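The values are calculated or read from the model by the stated rules, or taken from the named source; none is laboratory data. Remember, predicted model here, so these are calculated numbers, not experimental data. Methodologically, a virtual Cβ is constructed for each residue, glycine included, from the backbone with ideal geometry; neighbour enumeration extends over all protein chains shown. All accessible areas refer to the heavy atoms of the entire protein, side chains included, with ligands and DNA or RNA removed. Shrake-Rupley method; radii C 1.70, N 1.55, O 1.52, S 1.80 Å.
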Amino acid sequence: MAGATSADAAGEGFLSLRGLTKRYGGFAAVDDLSLDIGKGELVAFLGPSGCGKTTSLRMIAGLIEASAGRIAVDGRDLTHVPTYERDMGMVFQSYALFPHMSVAGNLAFGLEMRKLARAEIERRVREALALVHLEALGDRKPAQLSGGQQQRVALARALVIRPSILLLDEPLSNLDAKLRDDMRAEIRDIQTRLKATTIFVTHDQMEALTMCDRVAVMNRGRLEQLGTPEDLYERPASAFVATFVGRINRIEATAEGDVVRLGGEALRAARSAHGPVELMVRPHRIEMSAGAAAPPQAQDGPRNMLSGRVARSVFAGDLQHYEVEAAGRLLSVERSTVSHEPPLRPGEAVTLSWRVADTFMFERAS
Amino acid sequence: MSAGAPGARGPMLAVALLIPIFAVNALVFFWPTFNLFKMSFIRGEATGALTDETTLANWTGLFRDSFYSELLVSSVTISLVITALTLVLSYPIALYLHRARGLRRTVLLVLVISPLLTSAVVRTYGWIAILSDGGLVNSLLKALGLPAQRLIFNTQGVVLGLAEILMPYMILALLAGFGRLDARLEEAAATLGARPRQAFWRVVLPLSLPGVMLGCLLCFVLAVSSFITPKLLGGGRVFLLATEIYDQAIVTLNWPLAATLSMVVLIVFGLALALYARAARL
């Protein structure tokens, strides 16, 4: 993050995208993407399939040509530089290991292209194998490795050339859940140690939030928001980001300024708007107390309040999920089970309250 | 006999399913081949009549008469040249087809296969129309004021004609063998700093070798055994094993010698197949 700030001060990141666009006929797969990534930063491109995240990555790698815009690394314009001169290490979703070469051969390939001396190549291949804990498997062919091992080889192959930027295209999507968690930690660990500037393409919000310094949320070819995981979660810039990252209640309503009337009750949001809107609040931000009694006003700012009735209650280990009927709508509420409080039963009258600061409001197309 | 076949029914079913193809092969391939083998040890008379006497003369004659060893060498050499030319002409087309998608691929594939819908005889006559002294190429040369070239009724004509006729087979075999050739691998090579040419030599070509070997085996076998095209385009000046077998069997009526030469061709095939099996394992 320190790198990001110093780069921001210079006006441009280590990797800088300006107005990057890819059109296929009339369809814009990536539309006017501009962002800056600092040296050593790990940034996720997050979005649903077809949002343009992989297309963006492939443009950065030079594997597809941009229709418009500019790509620069460390001030050098790479927009029209061929892939083989871009000096970017890429890990493909399918790993794309050379099946006819040994593991060591795969790692040596990029170094041979750089015409390094034999001894230097051997030394760096050994280092890279050690980095991903595959010292003993240098002579194996990729087909003789497990999925996780192939993944490590792909990562080592991309890193051994000491690229200016490391590009990861859904690298974990072909692994089973357990292995994915391990590899997440391992990739993050290696990335931090090598201070490798990295872009990580994923459709998995958990991956993006837990591994990355910053996350670029994309939708329909456009950048919705670029921010830290906390930014996205606590200060979503759009309805799409609010609903795509984490779970959230959506309440359709009509706003007059920062006030929304809902079944006779007035709710307030952190900003103001006029016309049709969606109010959003995260389930775990809602406090719930039994009975109609108003809870004591908390000291952390003004709160919204709604009275309702428990419709459903589901035990989920660390959390108790509730669906509460309030103002003619069903709201999700989560409560921690840490306190051993007996769960509220369906039919019980409750009062919901949450901070105005936690109430997002987004315009809705009428 | 697949690993997934449940219970004892699997192997039995597999054997049952193999019986028809085995029967057909036994009837129309193994039995006639065995008869040819037997015939190569029978003495024939000048009239073409077969006697009951067995002899090694057909075989020893092959070794004594240098015409036959030269025939063997030139047949194998010309077939290798044809195979190499067919490979060079077909490889780029096959690679392009392998990468093409959708309608383009379908249309191009049909175009590649369409020559097979015409008989090789017709296509051979087409080459005569193009390459003969008064043909298309020489008319063009004449119009440009260049000296006419002898393009046909020699080895060159046979090589050119057969290479074109064998191209569809080569392309299909190459495509069948390109299975491991994934566009992502070339992209990976590029990200690692490989120029297109380096990526071709280090990644594309090695991975396409199974297809190359398959195509070469197929075309070599077809080239060695073809006789109509060499006969027509060779103009009686190009002598090959297959044309000689045809002449001995149909013109001279020396069936025992034709049978012996057929066995020689079969041995050549066997060697080619052994070589392929060895190379394919590497």
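Within 10 Å of each Cβ in peptide A:90-96, how many partner chain Cβ atoms are there on average? Round it to a whole number, please.
Values: counts 6, 2, 6, 1, 4, 2, 9.
Across A:90-96, the average partner-chain Cβ count within 10 Å equals 4.
Taking a virtual spin label 7 Å from the Cα of residue B:45 along the C-beta vector, which residues in the stretch B:240-282 bring their backbone nitrogen under 16 Å of it?
B:253-256
Take every residue in peptide B:194-200, count the Cβ atoms of other chains within 10 Å of its Cβ, and give the average of those counts. The partial results should precede the final answer.
Numbers: counts 6, 5, 3, 0, 4, 4, 0.
Per-residue shielding by partner chains comes out at 3.
Residue A:313's amide H: which non-local residues (gap 5+, or another chain) put their own amide H closer than 5 Å, with H modeled 1.01 Å from N in plane and none for Pro or chain starts?
A:323
Running a GNM on chain A with Cα contacts under 10 Å, which residue among A:259, A:160, A:43 ends up with the highest mean-square fluctuation?
A:259
Based on the alpha-carbon set only, what is the convex hull volume of the stretch A:1-116 divided per residue, in Å³? Kindly include the intermediate steps, with their values, before the conclusion.
Working: hull volume 16.4 nm³, N = 116.
Per-residue hull volume (Cα only) is 141 Å³.
Please compute the net charge surrounding residue B:261, taking Lys and Arg as +1 and Asp and Glu as -1 over other residues with Cβ under 11 Å from its Cβ. Intermediate values should be presented prior to the final figure.
Values: positive: none; negative: B:244, B:247.
Local net charge: -2.
Hey, can you grab everything whose amide H is under 5 Å from the amide H of residue A:13? Only 5+ residues off in sequence or another chain; H modelled, so Pro and N-termini drop out.
The list, which skips near neighbours in sequence, is A:37.
Averaged over peptide B:201-208, how many Cβ atoms belonging to another chain are found within 10 Å of each residue's Cβ? Could you put the intermediate results ahead of the total?
Numbers: counts 0, 7, 5, 0, 0, 4, 3, 0.
For peptide B:201-208, the averaged partner shielding equals 2.
How big is D, in µm² s⁻¹, for the stretch B:173-282 by Stokes-Einstein at 25 °C and 0.890 mPa s if Rh is the Kirkwood radius over C-alpha pairs?
Working: Rh = 16.8 Å.
Diffusion coefficient, whole number: 146 µm²/s.
Quick one: Cα centre-to-centre distance for the stretch A:225-287 and the stretch A:161-185, in angstrom?
Centre-to-centre (Cα) distance: 33 Å.
Within 10 Å, count the other beta carbons around each residue, average over each peptide in A:167-180, B:218-231, and list them highest first. It would help to have the intermediate numbers written out before the result.
Details: A:167-180: 17.9, B:218-231: 21.4.
Those peptides, ordered most packed to least, come out B:218-231, A:167-180.
Pop out the ³J(HN,Hα) list for the stretch B:34-39 in order, Karplus 6.51 cos²θ - 1.76 cosθ + 1.60 with θ = phi - 60°, rounded to Hz; leave Gly and Pro as x.
5, 5, 4, 4, 4, 5
For the stretch A:39-50, in order, what is each residue's ³J(HN,Hα) by Karplus, 6.51 cos²θ - 1.76 cosθ + 1.60 with θ = phi - 60°, in whole Hz (x at glycine and Pro)?
4, x, 7, 10, 10, 9, 9, 10, x, x, 5, x
Among the residues of the stretch B:167-189, which ones have their accessible area go down by 30 Å² or more when all the protein chains sit together, as opposed to their chain alone (1.4 Å probe)?
Residues shielded by partner chains are B:180, B:184, B:185, B:187, B:188.
Where the accessible area of the stretch B:65-281 is counted over protein heavy atoms with a 1.4 Å probe, how much of it, in %, is carbon and sulfur?
Numbers: 7630 of 10710 Å².
Of the solvent-accessible surface of the stretch B:65-281, carbon and sulfur hold 71 percent.
Which value does Rg/Rh take for the stretch B:1-149 over its C-alpha atoms, Rh per Kirkwood?
On the way: Rg = 25.4 Å, Rh = 22.4 Å.
We get a ratio of 1.13 for the stretch B:1-149.
Can you tell me the order of A:143-155, B:67-79 when each peptide is scored by its average per-residue count of other Cβ atoms within 10 angstrom, highest first?
Numbers: A:143-155: 18.8, B:67-79: 16.7.
Put in order of decreasing packing, that is A:143-155, B:67-79.
Hey, can you grab everything whose amide H is under 5 Å from the amide H of residue A:67? Only 5+ residues off in sequence or another chain; H modelled, so Pro and N-termini drop out.
A:21, A:22, A:23
With θ taken as phi - 60° and the coefficients 6.51, -1.76 and 1.60, list the Karplus ³J(HN,Hα) couplings across the stretch B:42-58 in order, rounded to whole Hz; mark glycine and proline as x.
9, 7, x, 9, 4, 6, x, 6, 9, 9, 8, 6, 8, 7, 9, 4, 4
Within chain A, which whole H helices from DSSP have a Cα span along their axis of at least 15 Å and a mean Kyte-Doolittle hydropathy of 0.0 or more, if any? Spell out each step's value before the answer.
Working: long enough: A:103-113 (16 Å, 1.12); A:118-131 (20 Å, -0.49); A:147-160 (19 Å, 0.08); A:177-194 (26 Å, -1.00).
For chain A, where a helix must reach 15 Å along its axis and average at least 0.0, the hits are A:103-113, A:147-160.
Which of the residues in the stretch A:50-84 lose at least 50 Å² of accessible area when you go from the chain alone to all protein chains together (probe 1.4 Å)?
Correct list: A:84.
Using a Förster distance of 30 Å, how high is the FRET efficiency between residue B:209 and residue B:73, based on the Cβ-Cβ distance and rounded to 0.05?
On the way: r = 27 Å, r/R0 = 0.90.
Taking R0 as 30 Å, the efficiency between residue B:209 and residue B:73 is 0.65.
For residue A:270 paired with residue B:274, estimate the spin-label separation in nm (one decimal), with each label point 7 Å from Cα along the Cα-to-Cβ line.
Modelled inter-label distance: 8.0 nm.
For the pair residue A:194 and residue A:119, what calculated FRET efficiency results from E = 1/(1 + (r/R0)^6), where r is the Cβ-Cβ distance and R0 = 25 Å, to the nearest 0.05?
Details: r = 22 Å, r/R0 = 0.89.
Step by step, r from the Cβ atoms, then E = 0.65.
With a Förster radius of 35 Å, plug the Cβ-Cβ distance of residue A:315 and residue A:363 into 1/(1 + (r/R0)^6) and report the FRET value to the nearest 0.05.
Details: r = 37 Å, r/R0 = 1.06.
With R0 = 35 Å, the Cβ-Cβ based efficiency is 0.40.
Just the number please: accessible area per residue for the protein assembly as shown, 1.4 Å probe, all protein chains included, in Å². Provide the component values of the computation, followed by the final result.
On the way: 32230 Å² over 648 residues.
The answer is 50 Å² per residue.
Mind jotting down the distance between the C-alpha centroids of the stretch B:154-189 and the stretch A:43-105, whole Å?
Cα centres, the stretch A:43-105 to the stretch B:154-189: 31 Å.
Percentage of Cα-Cα pair distances in the protein assembly as shown greater than 36 Å, rounded to whole percent? Could the numbers behind the result be given before it?
Numbers: 128439 of 209628 pairs.
The answer is 61 percent, as a whole percent.
At 0.36 nm per residue, minus the direct Cα-Cα distance, what do residue B:137 and residue B:54 gain on full extension? Give it in nm, one decimal, please. Intermediate values should be presented prior to the final figure.
Working: separation 83, 0.36 × 83 = 29.88 nm, distance 5.26 nm.
Result: 24.6 nm gained on full extension.
Which value results when the Cα radius of gyration for the stretch A:252-366 is divided by 2.2 N^0.38 Å? Mind showing how you got there, number by number?
Working: Rg = 14.4 Å, N = 115, 2.2 N^0.38 = 13.4 Å.
Here the answer is 1.08, to two decimals.
Per the 1.4 Å probe, what fraction of the accessible area of chain A, in percent, lies on carbon and sulfur atoms?
Values: 8190 of 16300 Å².
C and S atoms contribute 50 percent here.
What per residue convex hull volume, in Å³, comes out for chain A when only alpha-carbon positions are used? Present the calculation step by step, with values, prior to reporting the outcome.
On the way: hull volume 64.5 nm³, N = 366.
Measuring per residue, one finds 176 Å³ for the Cα hull of chain A.
Please compute the modelled spin-label separation between residue B:237 and residue A:173, points set 7 Å along Cα→Cβ, answer in nm with one decimal.
The two pseudo-label positions are separated by 6.3 nm.
Could you tell me, in Å, what Rg and Dmax come out for the Cα atoms of the stretch B:65-281?
Rg and Dmax of the stretch B:65-281, Cα atoms, are 20.0, 66 Å.
With a sphere of radius 12 Å drawn around the Cβ of residue A:65, what net charge do the other residues whose Cβ falls strictly inside it have (Lys, Arg +1; Asp, Glu -1)? Mind showing how you got there, number by number?
On the way: positive: A:22, A:23, A:58; negative: none.
Neighbour charge sum, excluding residue A:65 itself: +3.
Over all pairs of distinct alpha carbons, what does the Kirkwood formula give as the hydrodynamic radius of the stretch A:190-340, in Å? Intermediate values should be presented prior to the final figure.
Working: mean 1/r = 0.0561 Å⁻¹.
The Cα-based Kirkwood calculation yields 17.8 Å.
Show me you know the interface measure: the accessible area buried between B and A, both chains summed, probe 1.4 Å, in Å² to the nearest 100. The partial results should precede the final answer.
Numbers: alone 16910 and 17240 Å², together 32230 Å².
Using a 1.4 Å probe on protein heavy atoms, the buried area is about 1900 Å².
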